[in-house]
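Below: one structure, written as structure tokens.
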Amino acid sequence: MATSSKRWAVTFSLLRGALLLIGGLLALFLPDYALRVVVVVGGTVLLVDGVLGALASQNYGIESSWPFWLSLLRGGLAVLSGLLLLLSPFITGILTPNVLSWIIGLGAIAVGLTEAFILIRYRKEFPPVWTSVAGAAIYVVLGALLIVLPMTGALLLMQIGGGLVALFGLIQIIRSWRTAQERLARG
């Protein structure tokens, strides 16, 4: 049963990385198209990342030393940012696009900082830790870009953000693949 749970956790983590990589590459190479669909794609990616990230980090109840609430907070912040982005066409009647960009940017920064805290505090469970910290840093950078460049240079922001998300997806895939290989080697 524990092996099945570990397999699901690695599968969720690999799926998360693949979705982030695909979404990031689309934004990087087709920024004008991505800009038109960023609300749906970006919101969905954050929503899926929050859910899959929380599920993958929990390992379905397998012994873990980090607190459940911390992983839940990280996943909840990503889900909240995704929902805000998905609902932004309706919210822009209430909030300006700049304010909405700030809220989503702060949410991404909070997700990255929460993930970094988890990774640094429990670094022995995340070998190699640099890939995990790099992924958390990408969230912080993406959030900072949303705050600094809310409406100006939208295509450039799409390409930079897409590149960062693709990089995060690739890091997630590498990390998950290594975890799967380590578990297979242990038997």
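Let me confirm something: among LEU145, LEU157, which residue is hydrophobic (A, V, I, L, M, F, W, C), buried (at least 16 other Cβ atoms within 10 Å of the Cβ) and either part of a loop (DSSP other than H, G, I, E, B) or modelled with pLDDT of 75 or more (or both)?
Within the list LEU145, LEU157, the selection yields LEU145.
For the range 53-72, check the following and say yes or no: at least one residue is part of a helix (DSSP H, G or I), out of contact with any His (no Cβ under 6 Å at 6 or more places or on another chain) and at pLDDT 80 or above.
Looking for residues that are part of a helix (DSSP H, G or I), out of contact with any His (no Cβ under 6 Å at 6 or more places or on another chain) and at pLDDT 80 or above, one finds none in the range 53-72, hence no.
Give the range 167-185 a look and list any residue that's surrounded by fewer than 18 Cβ atoms within 10 Å (Cβ to Cβ), of a type outside the set (A, V, I, L, M, F, W, C) and under 27 Å from ALA27 (Cβ atoms), or say none.
ARG178
Would the range 107-123 turn up any residue that is modelled with pLDDT under 75 and farther than 18 Å from ARG16 by Cα?
yes
In the list PRO97, PRO127, which residue meets the criterion of being over 21 Å from LEU167 (Cβ atoms), over 17 Å from the mean Cα position of the chain (by Cα), of a type outside the set (D, E, K, R) and modelled with pLDDT under 80?
Just one listed residue meets the conditions, PRO97.
The values are calculated or read from the model by the stated rules, or taken from the named source; none is laboratory data. In this text the structure is predicted, and so the values were computed from the model without any measurement. Cβ: placed from backbone, ideal geometry, glycine included. Neighbour counts: every protein chain shown.
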